[in-house]
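See below for the structure under consideration.
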Amino acid sequence: MMQIHQAEFLLSNTDYQKCPTPDKPEYAFIGRSNVGKSSLLNALCNKKVAHTSQQPGKTRYINHYLINQHWYLVDLPGYGWARASKTDRKEWETMIKDYLTQRPNLLCVFLLVDIRHEPQKIDLEFMEWLAEAGVPFVMIFTKADKIAKTKTKYKASQYQQKMKEQWEELPQYFITSSENKVGMDSLLEFIEQINLNFEQKSEN
Ligand code: GTP
Ligand code: MG
């Protein structure tokens, strides 16, 4: 079972072309502002490498972290931030959508949604955009500690039930809590598997 024993902040920028050399497997966190992207990165790494805040709009750029010298985790700024100006939103959209579609080593995107909420239009639309753009993604339900443990699976399946109205194939999902470290092992296992496939492909 893979453990993260090294996590190091590399760089922060607004341009996918200035990101680190795309020679390692890469995974990025996206979702509504305040959903817990930076917190999940810290929880996975067992280390406070990313800045978090109670206020939405904390993460502003594309932030690369080198994990175990071998792969990248990327913390992105969230969408749906009410106080963002129209210009901010346009800039966000260009920066994020260019990054997500142009980064050649981005193997999977983690789309985070708060487990407490009903499916929101903004998230469903973003997932549709990902699917249409051909960006591979899985869903991560966050803040599972905020509802009764017995309800987490029900909530997640309810969400997927709703997606079924539009989607032929539902994305894989994980239930997590950065507070209680729920779901970290499953997520690491998932990443490890993709890393292994990536290595085998590069060897052939
Ligand atoms: P932006 O950078 O603004 O896009 O937000 P973000 O998605 O990175 O959210 P962030 O990780 O900064 O967390 C937002 C707030 O939610 C913080 O107050 C966190 O402490 C809280 N939070 C994040 N994850 C969890 C969790 O699993 N459980 C609980 N109870 N709180 C959480
Ligand atoms: Mg953040």
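Values quoted throughout were computed directly from the atomic coordinates according to the rules given, and no laboratory measurement underlies them. Everything numeric here is computed off the predicted structure, so don't read it as measured data. Note that each Cβ is placed from the backbone with ideal geometry, even for glycine, and that neighbours are counted across all protein chains shown.
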Charge context of Trp129, other residues only, Cβ under 11 angstrom, K/R +1, D/E -1: -4
Distance (nanometres) between label positions extended 7 Å along Cα→Cβ at Asn46 and Asn180: 2.0
Cubic angstrom per residue, convex hull over Cα atoms of the range 1-73: 92
Two-decimal log10 I(q)/I(0) for the chain, as the Debye equation yields it once each C-alpha is a single scatterer, q = 0.11, 0.15, 0.16 Å⁻¹: -0.49, -0.95, -1.10
Packing rank of 115-124, 44-53, 14-23, 176-185, where each peptide gets the mean count of other beta carbons within 10 Å, highest leading: 176-185, 44-53, 115-124, 14-23
Estimated dipole of the range 15-169 in Debye, rounded to 20 [Cβ of Lys and Arg +1, of Asp and Glu -1, Cα centre]: 780
Farthest positive-ward along the chain dipole, Cα basis, beta-carbon charges - from Asn13, Tyr79, Gln54: Gln54
Value of relative contact order over the chain, rounded to a whole percent, pairs C-alpha under 8 Å and six or more apart: 23
Stretchable slack from Lys90 to Gln6, in nm (0.36 nm times residue separation minus alpha-carbon distance): 26.8 nm
Relative contact order %, the range 125-185, counting alpha carbon pairs below 8 Å whose residues are six or more apart: 42
Links that overshoot a 30 Å alpha carbon limit, given the list Lys37/Lys121; Lys48/Lys201; Lys47/Lys121; Lys47/Lys86; Lys24/Lys153: Lys48/Lys201; Lys47/Lys121; Lys47/Lys86; Lys24/Lys153
Extension gain from Trp167 to Ala133, taking 0.36 nm per residue of separation minus the Cα-Cα distance: 10.7 nm
Sequence-distant aspartates and glutamates (8 or more away, or on other chains) whose Cα lies within less than 15 Å of Lys143: Asp114, Glu118, Glu179
Label-point separation, Tyr154 to Lys121 (7 Å along Cα→Cβ), nm: 2.9
